[in-house]
Every structure is written in structure tokens, then in C-alpha cells.
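Data first, discussion second: the structure below is written as C-alpha cells.
Rule-based calculations on the coordinates, nothing more; no lab input. Computed from a predicted structure; not experimentally measured. We place every Cβ from the backbone using ideal geometry, glycine too, and count neighbours over all the protein chains shown.
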Amino acid sequence: MVWNPGQKLFGGRYIIQKKLGEGGVGITYLAQNRHGELRVIKTLREQILNHPAWITKQDKLRQDFRDEALRLALCHHPHIVQVENVFDEDNLPCMVMEYIQGEDLGEKITEAGALPEAEALQYIQQIGDALTLVHEKGLLHRDLKPSNIMLRAGKPEAVLIDFGIARQFLPGGVQQHTQNFTPGYAPPEQYLPVEERGEYIDVYALAATLYTLLTAELPMPAPARLQNFTLQPPKDFNPNVSDRVNEAVMKGMALNYKFRPQSVAELLDLLGAGITSSTQVVISPTHTPVHWECVHDILGINGTIALNPKEDILASVAGSVIHFLSASTGKLIRTLTGHSSYIRSVAFSSDGQFLASGSEDETIKLWNVTTGTEICTLTGHSDSVYSIIFSSDGQFLASSSEDETIKLWNVATGKEISTLCGHSASVISVAFSRDGQLLASGSRDNTIKLWNVA
């Protein structure tokens, strides 16, 4: 259900003005209260509630939304969006928040480029102070990024918004992660379905946000870094970044959470010198044009992406569908549908002609990249398909699964060649050697196996 302008909610206490936008799980509206003041009302998207993956968990999703809204309402802080009310409308939980006039930090750096270090640190200190309170209330934000930080119009004040995927946590507790986050700002542990939660998740995102403010560059996503691609320090893009801040950002973005500052306060201490007073107005000098900027936000992405060999098409996963995007403009080229559950992996063939996708529906699909049509469906796994990869010559495809096996497939015929058994737990990754003679597999049984597949 979409609420139209003029519709009254909560017994006429709020009147919808317009829809503001949609995120992975939520939808927001601009509304007016009885005093004529503008407010933002956020609720759950019905598409999420009615999605096959959530249909049996609707009541829990609603209650989690209410609980988190009430916890957020307890976070009274000048740099956190304030919650005015929490109510239900048509069995949908609603959260009413203050409306902040201004621009978000993502918009600011897109228009003006990288910020001076002093200005960037001022905003990071304000948001860091806000996050410290959020953590004291037992919440993690889990989607911190420049576009979720508003700047009040005419004031050097940053405000943390959009707690859409905030979650309660117990330090050191192992809990399930939802697959909603922003690549580049999410640490490796957020890509895992079950992992410990701690303040270090938001520490990574805060450091990554500062990285972007100082460079106007999107940080390299964690999965790429885990494949041994190097994250360039902020100073490589902006020589005006101080050594101390440069080092603190890199420590805050350590892949292993044990090597990061374990709290926001520790990160702020590392940043140290240069943090300006919250009352000091910082004037931004002329900025040099940036080479890269955020050109398109794709809603509901679970973090699974692949870039084709020509580097002109990006395949990004949103639940059970795949979006093809132009790598140069960010514009949507086409959408591939066919899987019946979440897609866990996508991979392009070396010539860029084919895309393979592996899903929790236990199938693998091969797609024609040029036309977007499904070529065939490969069946044989008895549980979720975690990882897929083409051999360098494009003749073979390897897949790994929660069923503890690896399968080899003939790409031309779509036929299964063999099943490799030996792991005693889910196999979460596979990789071919360059000559295609060897296949490596990594499993949750804490082993890596090398297979001769010649």
C-alpha cells in the first residue's frame, strides 16, 4: 500500500504530503502534523513483508521495527534525528521523525568535491558522539555512509539519519545479519549471514565515511579487498590529509575487526589533532573536480556484485533479481528475473558473453549478457549455492554449496561433469587456477582443498 497526498494517519494527527523515497526495507513520506510542522514518517515496505523470504516472519519484522523505533526515541542527541511518535496504521508500524532541511554529505561532496580535513573531522566528531550514545543504548546503526548524514541548512551541524537496518546487539554475541548494507562502507563481517556484532561494525563505516569525505572516492568494497585488491590510503588521493588522520582511517577500516579500534571513542582518539569545535564555522575552499562519484543508488542490494571483463557493465544483486548497470553512468540497463530466492553469487565469463548466478533456491542460471535472456538452469545441488566461477577459457563452471559439495559443469551443454566431495561443512568459495588445471575450495569446516580438475 502506498499512501497518497492528503491521506490522514493516526486519527488525523498526520497528513501525508508526498513520498520521499524507498530503501531496502523501508519507505518514507513527508507529512504535516496538527501544528502545521513538517515531519518524516517511515514504515515498512509491503513488498518486503510479502516477500516469500519474509512471509513467515512478518510479525517479527513488525515487532523489530517497533522495538528499534522506541529505542531510537530514547537517543536524545543534537546529532541524531529525533523521533516524535511511534504508531501503527493498517497493521504497518510507523515512526515519526523530525524533518531536517538541508543536504546530505553525499550530495555535498558530489557537488563540491573532497572536504578540507578540519571540516570533515568536525562532522565525524559530531556523528561519532552520536554513535557513542546509540551504542550505549544497545544499538548498532549498520548503514553509516555520507548519504545518511544530513547537514542542517545554514549550520555546520551533521545529523545521523536513516536507522532502517539498526539492530540491537550484545557485545561478543553471535547474531544473524540481514543482507542490507552499502558496499564500500560495510565491513567483511556484515557480508556473513551469522557473525559476532560489535561497535567495530560502525567503527569501520565511520572510518570509511571519513575516507569518502577526504577523497570524494567510494572506498573499495570489503569483498574485493579480501581478494587481495589493495585499498589505497586517503593520502594517495588527497596529499593534504595529515599522516595521523591517514593512519587512523586505515586502522578503522582494518579487514579483521580485532585490529580496528573497538569503539568509536577509540577511533576519535586516534584521529586526535585537528578536530574542530562544534561551534566553529568551517569555510570550504575551492575544490578540485573528482574523478569518481556516486552516480546511482540501487535499492535493496545485498552486496553481491560483479564487473564484466570490459568493465562497462556491473551486475548487482537485489534479493532474487539481478540488475545490469552501466559502469560509466550508473544507469539501469536491464533486470534479470527467474530465481525464486536470494542470489548469493554472480560471475561473468572471461569473454563477458555470459553471466552465471547461484541462489538459495538451489539452482544456477546462465544468462546471455547481450540480450538478458536465460540460457539454461543448472540443477543438482541440494541446498543453497554459495559461490560460482568460470574457468579462464569459459568452458567450465564450478559451483559450491551449503550441501558440502562442489560441482563442475560444462558451460556449452549445461550438463554436470562431476561432483567433488570431501568437505564436512558448507563450501563458501571456489577459485580456478589460471590454467584451469586446479580448483581451490574454502569451507566452513576451516579447511581449503585443492582439486585436480584437468
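Listing for the model above:
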{"quantity": "Cut-off 10 Å between beta-carbons: net charge of the residues surrounding residue 30, Lys and Arg +1, Asp and Glu -1", "calculated": "+3"}
{"quantity": "Amide H within-cut-off set for residue 401, under 5 Å, with H built and near neighbours excluded", "calculated": "386, 427"}
{"quantity": "Residue-wise HN-Hα coupling along the stretch 217-233, computed from phi with Karplus coefficients 6.51, -1.76, 1.60 (Hz; x: Gly, Pro)", "calculated": "10, 6, x, 4, x, 4, x, 5, 5, 5, 8, 6, 7, 8, 7, 6, x"}
{"quantity": "Long-range HN-HN contacts of residue 94 with modeled amide H, under 5 Å", "calculated": "87, 88, 89"}
{"quantity": "Burial order of peptide ranges 128-136, 105-113, 370-378 (average beta-carbon count within 10 Å, highest first)", "calculated": "128-136, 105-113, 370-378"}
{"quantity": "Crossing angle, helix 200-215 versus the chain [Cα axis fit, 0-90 degrees, rounded to tens]", "calculated": "80 degrees"}
{"quantity": "Net charge over other residues, Cβ less than 10 angstrom from the Cβ of residue 3 (K, R count +1; D, E count -1)", "calculated": "+1"}
{"quantity": "Neighbour net charge for residue 13 - beta-carbon separation under 14 angstrom, K R +1, D E -1", "calculated": "-1"}
{"quantity": "Spin-label model distance (nm) - residue 228 vs residue 136, 7 Å beyond Cα toward Cβ", "calculated": "4.6 nm"}
{"quantity": "Contact order relative to length of the chain, as percent, for alpha carbon pairs under 8 angstrom and 6 or more apart", "calculated": "8 percent"}
{"quantity": "Using θ = phi - 60° and Karplus 6.51 cos²θ - 1.76 cosθ + 1.60, couplings along the stretch 313-318 (whole Hz; Gly, Pro as x)", "calculated": "10, 10, 9, 10, 9, 10"}
{"quantity": "Degrees separating the helix 117-136 axis from the principal Cα axis of the chain, which is the longest one", "calculated": "80 degrees"}
{"quantity": "Tensor-based shape of the stretch 305-452 (alpha-carbon gyration tensor, a/c under 1.5 rounded, otherwise prolate or oblate)", "calculated": "prolate"}
{"quantity": "The stretch 186-259-the stretch 97-118 distance, computed between alpha-carbon centres (Å)", "calculated": "20 Å"}
{"quantity": "Whole-Hz ³J(HN,Hα) from phi, Karplus 6.51 cos²θ - 1.76 cosθ + 1.60, for the stretch 405-413, glycine and proline x", "calculated": "10, 10, 10, 10, 10, 8, 5, 5, 9"}
{"quantity": "Relative contact order, percent, the stretch 8-98 [alpha-carbon distance under 8 Å, six or more residues apart]", "calculated": "24 percent"}
{"quantity": "On Cα atoms only, tilt of 58-73 relative to the major axis of the chain in degrees", "calculated": "40 degrees"}
{"quantity": "Cut-off under 5 Å, modelled amide H: who pairs with residue 363 long-range", "calculated": "385"}
